[in-house]
Structures are given as structure tokens and as C-alpha cells.
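Trainee: A single structure is presented below for examination.
Every number here is computed from the coordinates shown, using simple stated rules; none is lab data. Given the structure is predicted, the values throughout are model-derived calculations rather than measurements. Cβ atoms come from the backbone with ideal geometry, glycine included; neighbour counts cover every protein chain shown.
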Amino acid sequence: MQPKIMLVDDREDNLLSLETVLEPDGYRFVKASSGRQVLKLLLTDFDFALILMDVQMPNLNGFETASLIYERDRLRHIPIIFITANNYGEENLFMGYRAGAVDYIYKPVNPELLRAKVGVFVELYRKNQRLLAQEQKLVLINRNLEQEIAERISSEQKVTELNRQLLENIARLETANKDLDLFAFMASHDLQAPLRKIRMFSDRLLAGNATNLSNESRLYLTRIQEVSRRMQELINDILRFSKISADGQSFEEVDLNTVIAEVITEMETTIREKNAEITVDVLPTLPASTVLMGPLFSNLVSNALKYTKRNDVPRVRIRYDEGPVVATGNGKEPDARYGRIYIEDNGIGFEQKYAEQIFDMFRRLHSNADYEGTGIGLALCKKIVEMHRGYISAIGRPGEGAVFIVSLPLQAPGREAPAAEPTGLQIPNVS
């Protein structure tokens, strides 16, 4: 905006003369004909670059008016130049400066001198305005910065509190899991004694009184033995599941070729009975629990042999490829490299909507009448894989087969596990 200048003189011709000299420089003017009018105008408007004021005025002269102006704090920034026709002595000049004058201009006014002096004070005004604007910006920036700091401190405190609560919850969860594992172990262990007696007495009844029992009684005893056998398998699976945490604490380099070979050897009878074909590619050596790798692949291969189609030759292929590098995201550990082991079969398969549910405890998609099982095997596999900071997933199609993918770190597992592992796999044709 154009700088504003107040012109003060009791004579209209003097005001017009001043305005005429200064108008080419683009200033805005507010004119007053007395000291009282000046004070009245300054009650509502105080943004002036300069006041040009005549000394000799009726009622209030220039000195008195200047003194009253500078009594107000918000007006002290306005410079005043006195215009006078008298050449006052030093004492009167001092009086004018003490009243607040910054300079004098003598009549008759030299237009060039007037414009030069006014130009100096206007430039000072402009610089002062820029400084004030900059100060306001800095004040606003400082206020925003203080607010951001306060919000950051508040956020950090909230994060600290959430971390503390998280650590407490983790500690409680670990304690609860240990207690649950202990309870499962003790309960399963205690259930075995009465179960052994049931099986023993039913065996004796069948062996010692086979000729004395009716067909219906023998059927009932046979069913008791069958249910007891399944109960024993369930208890054994629960015991294995509860012992995983204790068995899987130490990791060493494990050759998966050796593990799979032992699993196939143990299942040799089942493989021969089903006339199954098993193909195994070269598998990696990776850091793992020697104790847990056997149960992991034993359950997966056993599942592939169990859920087969009638009148079809069961085919199982175990292959390997190196998965993608997954960022750990914590900035402390190197990105994780994963190896993926695929257990593919041409069995009955399953609908993909059950791909996550099948890893739940006691979750079964088929009844015991169709396929025997306890519903713990895949839950056991998932727990073993997660203890190794790995992943397990499955892809299936009804009537075409299934693929189980086990992704395990190729380096020793760290504290943090990546958030997810990409799949994007298709069911291969192994028939």
C-alpha cells in the first residue's frame, strides 16, 4: 500500500503547497488544520509514515501537539518534521526535539529538500513495516513450531505408553501361553492313564470272551477300541503341540534333504500300500530346529498321502526355490532371504476359501468316516513355521490337488519378522 503522510497547518494554502510538492511521489495524504484535529484523527488512525506539522498554530502549537502525540505508546513510532518560518535559537530547537521532532524544514520550503527528507523517512517506514511483517511471520512460525514440538512430545509420550502397555501385554500373553502349554501337557498326560485302562480292559474282554459275547457286544467293544485309538492319537498330538515351544529353542544348520529322506523312510509302508509316487528335488540347508523339522514335513507329506482320490495313483512332489528378499523394516537387521519348499499333490484338494481355516486348531474339512485325523496336524505345522519366523500357506482346487508352501529364512531368524510374504502361486499339474 502507498505510505500515508499527515499534513498539519492552519493555512489551507500551505497544505495545498505541501501536497502539490509531494503528490508526484505517490503518497496518500491526511490533512489537519489544528492540533486538536490531529489528536482526534490519531484516535482511530495511527498508521502514518510521517507527520509534517507547522509550529505556529492557534490553541495548540506544534510543540504542544507533538508532546501530546508521544504520550501515547502506539504513536511514538511516527516521526514528526516541524515546518516553521522562524529560525529558532538552539534552546527552542532543543525544545522541539524534546517534544518529539526528528527534523526541521524552514519556510519558504525548498521542494527538492522536502522531497528528499520525506523520502528518507518513508523508506525507513517501509523497512520498518517489512521488519514488522517478518517478525509476525517469525512469531507465527515459532508458535507453530512450539505447537508441533508439543504435539510431537505428546505423541512420543503416547507411543512410549503404548509400547509399555504392549510389552506388558506381550509378557502376560507369553505367561498365559506357557501356562496353557503346561496345562495341555499335564491334562493330556493325565488322560492317558484312564485311556490305557479302557483299551486294556476292552482288549481283554475281546480276547478272553470272544466266544461268549454276542455279535452286538463285540461290535460295541470294537467301537470302544477304535474311539480309544483315536483319542490316543489326539492326546499324542496335543502333547506334541504343547512341547513345541520347549523343543524348538535351539537352531542349527539342518539339511532338509536328510529330513525328507527320514520322513519317507518312516512312511514306507503307507507309500507302498497306496502305490504312491514321491518326487523330491534338491532341498537347501538352512538354520532350523532339528527336532521340529521332522514333525513339520511328516505332517505335510502324511496329509498329501491321506487326502487322495480313489482309483488314482497318489503323486507327491517336493520342490524348492529361493523366494524374494523381504525388507525387515526395522533398520537394524539386513533384509531377510527366504527359501520356499512346496509340497504338491494330486489329491482331493479343497476350496480356496478354507486356505487359512485349515491351519486352525481342530479344524477339519472332512469327517472321520471319510478321512481319519485329529485336526491338529496343520496347526502344529503353522506353529513350527512361525517359531522359525517363517510362513506357511496353501493353495487348492477341489478335485485337482493342493500345494502347501513353507517359507523359511535362509539366515538365522532375528527378533523381528517381516509383515507379509508374497505368494501369487498357481497349482501345478502333478497328475
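Trainee: Taking the alpha-carbon distance from Lys31 and a cut-off under 18 Å, which lysines remain once sequence neighbours fewer than 8 residues away in the same chain are dropped?
Mentor: Lys4, Lys40
Trainee: By the gyration tensor of its Cα atoms, with a ≥ b ≥ c the square roots of the eigenvalues, what is the shape of the range 10-53: rounded for a/c under 1.5, prolate for a/b over b/c, or oblate?
Mentor: Oblate, since a/c reaches 1.5 and b/c is not below a/b.
Trainee: Leu173 to Ser217: extension gain in nm, 0.36 nm per residue of separation minus the Cα-Cα distance?
Mentor: 11.0 nm
Trainee: Further, regarding this structure: Using a basic spin-label model with each label point 7 Å from the Cα along Cα→Cβ, how many nm lie between Leu410 and Ala150?
Mentor: Modelled inter-label distance: 5.3 nm.
Trainee: Kindly flag which residue pairs out of Lys274/Lys383; Lys178/Lys383; Lys197/Lys309 have an alpha-carbon separation exceeding 26 Å in this structure.
Mentor: Lys274/Lys383; Lys197/Lys309
Trainee: Highest mean first, what order results for 338-344, 392-398 on Cβ atoms within 10 Å?
Mentor: Averaged packing, sorted descending, gives the order 338-344, 392-398.
Trainee: Among 282-289, 130-137, 379-386, how do they line up from the highest to the lowest mean number of other beta-carbon atoms within 10 Å?
Mentor: 379-386, 282-289, 130-137
Trainee: Let me ask something else. Using a Förster distance of 25 angstrom, determine the FRET efficiency expected from the C-beta separation of Asp321 and Val291, and round it to 0.05.
Mentor: So the FRET efficiency works out to roughly 0.45.
Trainee: I want to check the label-to-label distance for Leu41 and Arg74. Put each point 7 Å from Cα in the C-beta direction and report it in nm to one decimal.
Mentor: It is 1.8 nm.
Trainee: Mind checking the full-extension length gain between Val30 and Thr160? Use 0.36 nm per residue of separation minus the Cα-Cα distance, one decimal, nm.
Mentor: 40.6 nm
Trainee: Based on the mean of other Cβ atoms within 10 Å per residue, sort peptides 197-207, 167-177 so the most packed one is first.
Mentor: Highest to lowest by the protection proxy: 197-207, 167-177.
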